[in-house]
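Enquirer: Attaching a single structure in structure tokens format; questions to follow.
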């Protein structure tokens, strides 16, 4: 994909001590789950099952980026908005980064609009590429989910329209281990953490990225179908267009969230998931609150980047 000029803005994130974050998040999660525990641990090797990520850890120069945005998809897709995971690692000043998160797959390569689960060690420095990214799309014959390995199937690192990404050097180190089970409140796992941080830190933006397992239970997931032939003008239009599924754990989620937008027109939370049983897409919330169990690893980012920010914006379709 040919590179094109695009604006890149950067702001510092607020980085509380990990011990403090653990205490804050445990208190917030305990209001939404019967059992919640957050502690500081050495990051397990995330390349191993059940996570199967592209690098072992979440540490080393952590940062997040919001690339493109929903306004490039809604009301009508701007198909010239094409990006590349290797290129974006350079744009956030971390070539060779380990990248995870949520975005729209390369419709120009896959042949149809699709969900992307970025999970790649990009090329740079001493690192060679390890692309474990997945994409999910809707089977046009029977409406089921098709989950594909991006590199094996398409030899692709491109994406289009939008993505929310966490970047780091992929090193081992201290991270937050977050466990929660049996949901008693109304918030999903990510929203509960994000809103807890917003309440605690106010105008100081705290950005977290990482991965979590939905170990037991089921979740509501969507997959974008082919691009809408008519403009999507409302949340109702968007929900009528999307394809919704109930998918079963274990689901490996890749998540980026920011407690509050520091004036960059951010999508403040975005989570996609994949599995080893053929399911994956955009995570909304668990649908089996009495059964659900989560286990995740997260790290706060030092910087928030905004890449190719839309000049005309709106809040439709950011759930």
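Where a number appears in this text, it was derived from the coordinates with a stated rule and is not lab data. This is a predicted model, so every value here is computed, not measured. Ideal geometry is used to build each Cβ from the backbone, glycine not excepted, and the neighbour counts take in all protein chains shown.
Enquirer: So for 171, 81, fewest C-beta neighbours within 10 Å to most, what's the order? If you can, show how the numbers build up before the last one.
Expert: On the way: 171 15, 81 21.
Fewest-to-most Cβ neighbours within 10 Å comes out as 171, 81.
Enquirer: Listing 30, 255 from the residue with the fewest other Cβ atoms within 10 Å to the one with the most, what is the order? Working shown, then result.
Expert: Working: 30 18, 255 26.
Ordered from fewest to most neighbouring Cβ atoms within 10 Å, 30, 255 come out as 30, 255.
Enquirer: Additional query: Between residue 264 and residue 284, what's the calculated FRET efficiency when r is the beta-carbon distance and R0 is 22 Å? Round to 0.05. Can you show the working numbers first?
Expert: Numbers: r = 24 Å, r/R0 = 1.09.
FRET efficiency, residue 264 to residue 284: 0.35.
Enquirer: Normalising by the residue count of the chain, find the relative contact order in percent from Cα pairs under 8 Å and 6+ residues apart. Walk me through the numbers on the way to the answer.
Expert: Working: 872 pairs, mean separation 90.5, N = 319.
With pairs under 8 Å counted, the relative contact order is 28 percent.
Enquirer: While we're looking at this one, here's another question. Give me the Debye-computed log₁₀ of I(q)/I(0) at q = 0.07, 0.10, 0.15 Å⁻¹ for the chain, equal point scatterers on Cα only, no solvent, two decimals.
Expert: Log10 of I(q)/I(0), two decimals: -0.23, -0.50, -1.23.
Enquirer: In whole angstrom, note down how far apart the Cα centers of the range 259-291 and the range 142-162 are.
Expert: 18
Enquirer: Tell me, 51, 244, 166 in order of fewest to most beta-carbon neighbours within 10 Å? Could the numbers behind the result be given before it?
Expert: Working: 51 21, 244 12, 166 28.
In increasing order of surrounding Cβ atoms, one gets 244, 51, 166.
Enquirer: Can you compute the helix-only [θ] at 222 nm over the chain? Use -39500 (n - 2.57) per DSSP H run of at least 4 residues, normalise by all residues, nearest 500 deg cm²/dmol. List each step's numbers first, then the result.
Expert: Numbers: 6 runs with 49 residues, N = 319.
Computed ellipticity for the chain at 222 nm equals -4000 deg cm²/dmol.
Enquirer: Roughly how many nanometres apart are two label points built 7 Å out from the Cα toward the Cβ at residue 277 and residue 233?
Expert: It is 4.2 nm.
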